[in-house]
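What follows is a short report on a single structure.
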Amino acid sequence: MTAQIPDIVLFQGERFYLIAFDPANPFDPERDLGTKTQMMHTACWRGYSCEYEVLESSEHGFLLREFSSQLPGQILTGMCR
């Protein structure tokens, strides 16, 4: 089984790799934006990766900072739940 590309969490200037979610992804493009993604390659079966930054002033604790997807010509950004 191929290891998956991890999401990244930035906290107080340090990078942490988010390799599992409980109970679900903080951000899901289909759930949150109505956008379907497709597998990029065997190391990215979700078709996207995310970078989050922990903000003390954020109501939800996380701000989606970066989102990349295989969808041609589409750049998606926004708050995660």
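Here are the numbers for this structure:
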quantity	calculated
Within region 1-59, trypsin sites (Lys or Arg not before Pro) in DSSP loop having at most 10 other beta-carbon neighbours inside 10 Å	Lys36
Using alpha carbons only: equivalent-ellipsoid semi-axes of region 1-59, gyration tensor based, whole Å	22, 16, 9
Extended-chain gain in nm, criterion 0.36 nm per residue less alpha-carbon gap, Arg31 and Trp45	3.4 nm
Ranking of Glu14, Glu30 by count of other Cβ atoms within 10 Å, fewest first	Glu14, Glu30
Where chymotrypsin sites (Phe, Trp or Tyr not before Pro) fall in DSSP loop in region 1-43, at most 15 other Cβ within 10 Å	Phe21
Sorted by Cβ density within 10 Å, fewest first, the residues Thr35, Thr2	Thr2, Thr35
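Values quoted throughout were computed directly from the atomic coordinates according to the rules given, and no laboratory measurement underlies them. The structure presented is a predicted model; accordingly, all values stated were derived computationally and were not measured. Every residue, glycine as well, gets a Cβ built from its backbone with ideal geometry; the counts of neighbours run over all protein chains shown.
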